[in-house]
Structures are given as C-alpha cells and as structure tokens.
Amino acid sequence: MTRALNRVAKRVAILVGCAGFVALGVFAERSEPNPEPRIAFLSVGQGDCTVVVAESRTILIDAGPANERTNGAARFVVPALYGMGVKTLDLVLITHPDADHMGGLAALARRFKIGKVGLGARFADHPVARQFLNEAGIAPEQMWWINGEHEATAEPFKVRVRDAAPADADDNDGSLFVHVQAGKGSALLTGDASIEMEGLVPPSWKAQVLHAGHHGSRTSTGDALLDRVRPQIVVVSCGRDNAYGHPHNEVLDRLRKRRISVLRTDRQGHIEFRPGPDGLDKVAATRTWRDR
Ligand SMILES: [Zn+2]
C-alpha cells in the first residue's frame with residue numbers, strides 16, 4: 001500500500017473506531033491528537049488511576065484517591081497527565097464510587113476538560129457517588145450510566161466495559177470490569193471486585209497485563225481468574241506502607257507459583273506500556289514523590 005493510501009486507511013480506521021463510542025454518545029467532540037499511545041498505571045498512593053492514551057482520545061480508569069488528609073489526584077495524577085501532554089479527558093470510567101477510586105474526580109475536573117464520566121448504573125442513586133459528581137461539577141448530560149457490556153474503539157485500543165455483578169452486590173463487588181486491547185497486547189482491570197465476582201469476567205477476556213484486584217488484597221486476584229486470564233504481568237496499585245498490608249502475601253504466592261511478574265506502583269512508580277507488534281511493551285516505571 002502506498003503511503004497516501006496508508007494514511008487514508010488509518011483515518012478511516014480512526015473514524016470507524018470512534019463510531020463505537022459515538023454511537024454510545026460517549027464522546028462529544030474530538031480532542032487533540034496524542035502522538036504516543038500508551039497505557040499507564042499511575043502511582044497515586046493507596047488508590048487507583050490508570051490512563052489509556054489513544055491516538056485521539058484519553059480514557060481514564062478511576063480518578064485517583066482524595067480524602068480529607070491527602071489528594072493523590074492533585075499530587076500525582078495531574079502532573080503525570082500534564083507530562084503526557086493530555087489536555088482533555090474524553091472519558092473517565094469509575095469502577096466504583098469509593099474515595100480511593102473516585103475521590104480525585106474534582107481535582108481532575110479543575111485542571112482538565114472532561115467529556116463523559118462512566119459509572120455503573122447501579123450507583124446512580126449512590127449518595128457518595130452523587131457527592132463526588134457534584135463536587136466535580138459533572139452535568140447530568142455528561143454521565144454514561146453503564147449497564148451490561150459495551151465495546152468501543154479508540155485507536156489503537158479496543159475498550160470493553162462490563163457491569164456484571166448481581167443487583168445486591170456491595171460497592172466493591174459492583175466494580176466495573178474493563179478490558180483494554182491493542183493488537184496482541186491487552187490489560188484487564190477489575191476494580192475492587194472480590195474473587196466471587198471474578199467468575200463473571202468473560203472467558204474470552206485474556207490479558208497480558210492484569211491489574212490486581214482490590215490493590216492486591218487476598219480477597220481478589222484468585223486462582224481461577226489467574227488460570228483463565230493467564231497474565232504475564234500483574235500490576236499492583238497500592239500505597240507505600242499502606243495500613244491494609246496490600247499486597248497480601250497470599251496474592252504474591254499465587255503469582256509466584258505461576259511465575260507471573262509483579263510490578264508495584266508503591267515501589268516502581270508509574271508503570272507504563274506502549275502497544276508494539278508483539279503486545280504491550282513496558283517502557284517506563286517513573287518514580288514519583290518519596291512519600292507516596
Ligand atoms: Zn480501592
């Protein structure tokens with residue numbers, strides 16, 4: 001194929017790719033192009049924030065932690081996103097409305113234009129979720145209340161989102177599952193869902209990189225999930241010397257037994273991958289503040 005044809009094909013692919021999210025009403029308008037697609041698990045202290053930088057979209061999976069004592073989103077997420085040249089958050093997916101996942105939304109909304117916020121429809125009347133959305137000034141028309149399973153493309157990534165838990169699940173178990181794929185590379189995130197809920201991850205959602213459930217708690221990242229997903233790498237997002245003892249030894253043992261590599265945001269800082277011909281290539285682990 002000639003270069004010009006290649007360019008046209010690429011543009012068509014982007015247009016087709018965006019159609020998924022446009023069809024869902026997720027992306028309101030195009031944002032500026034991002035030169036270097038990547039997925040980065042940010043070191044935010046005790047909490048979660050993962051950024052998917054696609055060619056023309058930026059998707060966040062969880063907003064980082066904030067509570068009365070500390071604001072991990074302002075301290076760690078904002079500078080990391082500035083460093084990547086991100087100006088707009090086209091979609092912020094919130095796995096569940098706990099402060100260590102959603103608390104940072106207001107801090108991000110002060111610095112970045114936010115397109116849509118995706119949250120399980122089960123949390124539509126959740127008082128804490130409502131409070132976080134109000135503090136962040138998220139308008140009703142910006143909300144994507146997620147039910148069931150959805151798939152969309154933000155080139156070069158295909159993103160699948162699934163709300164699978166039973167209606168009476170608690171907040172952690174109500175976490176959204178998110179699968180991100182680029183060619184042979186893929187990553188799976190399950191929020192803080194417990195081992196019981198991990199059985200609801202679709203069998204086809206294999207992943208090269210698995211984000212440990214519930215910050216490496218023994219109640220998540222179970223044997224059955226590991227055997228089904230077959231990750232090469234598990235990323236644990238947890239704070240240094242956190243009060244919960246995350247990641248728990250039981251989880252590290254499950255990983256060791258299977259010879260799965262472990263990367264930890266409390267030790268390695270931001271952990272970043274870029275899509276390559278053979279899968280996701282780890283390109284950086286950027287150390288951040290000492291007192292994470
Ligand atoms: Zn959590």
Taking θ = phi - 60°, what integer Hz values does the Karplus form 6.51 cos²θ - 1.76 cosθ + 1.60 yield along the stretch 155-162, in sequence order, with x for Gly and Pro? 3, x, 9, 10, 10, 10, 10, 9
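Let me know the shape class of the stretch 131-288, please: from the alpha-carbon gyration tensor, a ≥ b ≥ c as square roots of the eigenvalues, rounded when a/c is under 1.5, otherwise prolate if a/b is greater than b/c, or oblate. Provide the component values of the computation, followed by the final result.
Working: a/c = 1.32, a/b = 1.19, b/c = 1.11.
Judged from the Cα gyration tensor, the stretch 131-288 comes out rounded (a/c under 1.5).
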Here the stretch 62-74 yields Karplus 3J(HN,Hα) values (6.51, -1.76, 1.60; θ = phi - 60°; whole Hz; Gly and Pro given as x) of 6, 10, x, x, 7, 8, 5, 8, 8, 10, x, 5, 5
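Just subtract the alpha-carbon distance of LYS87 and ARG230 from 0.36 nm times their residue separation and send over the number in nm, one decimal.
Numbers: separation 143, 0.36 × 143 = 51.48 nm, distance 3.47 nm.
Stretched out fully, the LYS87 to ARG230 stretch lengthens by 48.0 nm.
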Which whole-Hz ³J(HN,Hα) couplings does the stretch 96-105 yield from phi under the Karplus relation 6.51 cos²θ - 1.76 cosθ + 1.60, θ = phi - 60°, glycine and proline marked x? 6, x, 7, 4, 7, 10, 10, x, x, 4
Can you list residues from other chains, or at least 5 along the same chain, whose modelled amide H is less than 5 Å from the amide H of ALA154? VAL159
Distant-in-sequence amide H partners of SER186 (H built 1.01 Å from N, under 5 Å): GLN208, VAL209, LEU280
In the stretch 3-286, if the dipole is taken from +1 on Lys/Arg beta carbons and -1 on Asp/Glu beta carbons about the Cα centre, which of PRO277, PRO140, VAL209 is farthest to the positive end? PRO277
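Just how many % of Cα pairs in the stretch 3-286 lie over 25 Å apart, if you round to the nearest whole percent? Walk me through the numbers on the way to the answer.
Values: 16356 of 40186 pairs.
The share of Cα pairs beyond 25 Å in the stretch 3-286 comes to 41 percent.
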Spin-label pair ALA121/ASP168, simplified geometry with 7 Å Cα→Cβ offset, distance in nm: 2.1 nm
Proxy exposure order for CYS238, CYS49 (fewest C-beta within 10 Å first) is CYS238, CYS49
For the stretch 210-258, convex hull volume per residue from C-alpha positions, Å³: 65 Å³
Pull up all non-local amide H partners of SER217: gap of 5 or more, or a different chain, and H-to-H distance under 5 Å with H placed in the peptide plane. HIS248
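Laboratory data are not the source of any read-out in this text; all were calculated from the coordinates shown. On a predicted model such as this, the values are computed, not experimentally measured, just so you know. Neighbour counts run over all protein chains shown; Cβ positions are idealised from the backbone, glycine included.
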